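Peer 1: Please see the structure below; I have some questions.
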Amino acid sequence: MLTIFQEKQILLGVTGSIACYKVVDLASKLTQAGARVDVIMTDSARRFVTPLAFQSVTGRPVYTDMWDERLHVQHVGLGEAADLFLIAPATANTLAKLAHGTADNLLTLTALTAQCPLLIAPAMDGGMYSHPATQANVAALQARGATFLGPVAGRMASGQSGMGRMMEPAELLGRVRIAVGRKGLFHGRHIVVTAGPTREAVDPVRFLTNRSSGKQGIALAQAALDMGARVTLILGPVSEPPPIGAEVIHVQSSQEMHDATVAAVTSADVLLMAAAVADFRPAQFASQKIKKTEAESWGMAIGLERTLDILEAVKHQRQETGFPHIVLGFAAETQNAFDYGRDKLRRKGLDFIAINDVTASGAGFEVETNRVTLLNREGELVRLPLLSKAAVAENILRHVAQAMSNDNEQ
Ligand code: CTP
C-alpha cells in the first residue's frame, strides 16, 4: 500500500483497442497500491477483454451501460467522486467524441461530469494519430487542460511501426502517481537526490566500487515525486530502474557525481545525499588494460588518493548562495553509528543525517528494508523502526518538509 493512493478514487475509462489487455495489469497495480479503481468500459472495449477481467483485479463492479436502471445518475456519481480520470487506451473515435462533447456512452457521458484532472493515453495506428482530424482533437483537449500520456513509437497491431502505441502500464502508473501527488507537501519545490555507488576506474576494464544498490536513494526520489516535487536524480551505476518522472543524470565516478551535484543544487530547495560515494580512487588511471606482468612489476599494489567530498563542496557553495535550503546526508556505519553520524552532521554542515548501521539485520545494502535513525541539527533524534525503504523515504521527507516550514516561519 502506498500512502499516496490511500483514499484516492481513480476512474479508469477503457475503450476499444488491443492495448486493453495491458490496462488490466494497470488496474491491478493501482488497486494493489491502495487506490479505489472504478472502471468504465465502452462496448468496443468489451470485444477485447471482459468486464470480469477488470472486476477480478479491482474487486469492484465494472460500469458499462448508461441505461442501467438500477443505478441512479451513475455518470454524475462516478465523475464527481473521482480524484483522477484516466482514459487508457483511448481510441481516435473516443478522442473525437471527447473533443466535441459527444455523450453517447457511459464513458463520454461521465467525462462531461468529471471535475478532476483528465489523463488520456491514446492507442491507434500511427496514420490515424497523425491525421489532421485526430491532431485537432488532441489540441482541443489539451487546450481544455487534458494531459496526454503518449502515444509512443513502436510496433502496432497492423504490423507497422509508427507513433501510436499506448504508453506501457509501468510508465502510466508513474504518470498517474505524479498527477495524484502534484499538490503534495513539496508542490513547486525542487529536490536533488543522489543514489547508488560510484565507480573509480583503475584501467579501461577495471574499477573500484561498493555494495550500494541505490534502492534507498531511488525510494527517496520516488517519495519526493509522490509529494509533488520536481526531482533531479543523480544516479550511479545500479540495476534498479529510476522512478518515472524524475530527471535522471547518470554518472559513474565520484568526480562526475560531484560535478553533477554541485551544478544541480544551485537553485534547489533540498539535497538528499544518499549515494555511497567512493572515498578513495586509484591515484593513476592506466589508459590501456594493465597486463599481469606489468602489475607484478609494480608489486601488485594500487596507489590510492582521496576523492572530493561532495557534501563539503555543497557546504561551501551553500554558504555563498544559500542553496540548497536543506541538506540531508547518510551515514552508513558498521560500528559506533550514532557518534560517527553526529560527527558527520556537524563536519559536513548538514540539517539532517540518516544514520544506519549496515550490519543490523534487514538494514543497509541490497535489501528492501532499512532501519534508520534521523538526527537533526538541533540534536533531536527520531528512531524509525525496521521499515521498507519506501516507508523510510516517506518518513524522512515528512521531517524535511516540517523543517522547511519551520524555516519559512522564522
Ligand atoms: N559523501 C560525500 N562525498 C564523499 C563521500 C561521502 O558527499 N566523497 C557523503 C555521502 O553521500 C553521505 C555522507 O557523505 O551522505 C557520509 O558518507 P560516509 O561514507 O558515511 O562518510 P565519509 O565522510 O566518507 O566518512 P567515513 O568514510 O570516514 O565514514
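Peer 1: Return one whole number: the accessible area per residue of the chain in Å², for a 1.4 Å probe.
Peer 2: 48 Å²
Peer 1: Shifting gears a bit: Using helices alone, I'd like the mean residue ellipticity at 222 nm for the chain: each DSSP H run of four-plus residues gives -39500 (n - 2.57), total over residue count, nearest 500.
Peer 2: Using -39500 (n - 2.57) per qualifying helix, the result is -11000 deg cm²/dmol.
Peer 1: What Kirkwood hydrodynamic radius do you get for the range 190-409 when you take the inverse of the mean 1/r over all pairs of distinct Cα atoms, in Å?
Peer 2: For the range 190-409, the Kirkwood estimate is 17.9 Å.
Peer 1: Report, please, the projected area of the range 221-344 averaged over directions, based on the convex hull of its C-alpha atoms, in nm².
Peer 2: 10.6 nm²
Peer 1: So which DSSP H runs in the chain come out at 24 Å plus along the axis (Cα) with average Kyte-Doolittle of at least 0.5?
Peer 2: none
Peer 1: Please give the Cα centre distance for the range 314-350 versus the range 224-260, rounded to the nearest Å.
Peer 2: Cα centroid of the range 314-350 versus Cα centroid of the range 224-260: 19 Å apart.
Peer 1: So which of LYS8/LYS29; LYS22/LYS97; LYS315/LYS348; LYS8/LYS183; LYS29/LYS215 end up more than 18 Å apart, counting from Cα to Cα?
Peer 2: Long pairs (Cα-Cα over 18 Å): LYS22/LYS97; LYS29/LYS215.
Peer 1: Divide, for the range 3-180, the radius of gyration over alpha carbons by 2.2 N^0.38 Å, where N is the residue count.
Peer 2: Normalised Rg, Cα atoms only: 0.95.
Peer 1: Right, next: Within the range 17-81, report the trypsin sites (Lys or Arg not before Pro) that DSSP leaves as loop and that have at most 12 other Cβ atoms within 10 Å.
Peer 2: Passing sites in the range 17-81 are ARG70.
Peer 1: Just the projected area, averaged over all directions, of the convex hull on the alpha carbon atoms of the chain: how many nm²?
Peer 2: Orientation-averaged projected area of the Cα hull: 25.4 nm².
Peer 1: Using a 1.4 Å probe on the protein heavy atoms, what percent of the accessible area of the range 190-409 belongs to carbon and sulfur?
Peer 2: 50 percent
Peer 1: So what is the relative contact order of the range 190-409, in percent, for Cα pairs below 8 Å that sit 6 or more residues apart?
Peer 2: Dividing the mean separation by the residue count of the range 190-409 yields 19 percent.
Peer 1: Sorting LEU350, LEU173 by accessible area (1.4 Å probe), largest first, what list results?
Peer 2: LEU173, LEU350
The values are calculated or read from the model by the stated rules, or taken from the named source; none is laboratory data. No experiment lies behind these values; they were computed from the predicted model shown. Glycine gets a Cβ as well: all are built from the backbone with ideal geometry, and neighbour counts include every protein chain shown. Accessible surface areas use protein heavy atoms only, side chains included; no ligands, DNA or RNA. Shrake-Rupley method; radii C 1.70, N 1.55, O 1.52, S 1.80 Å.
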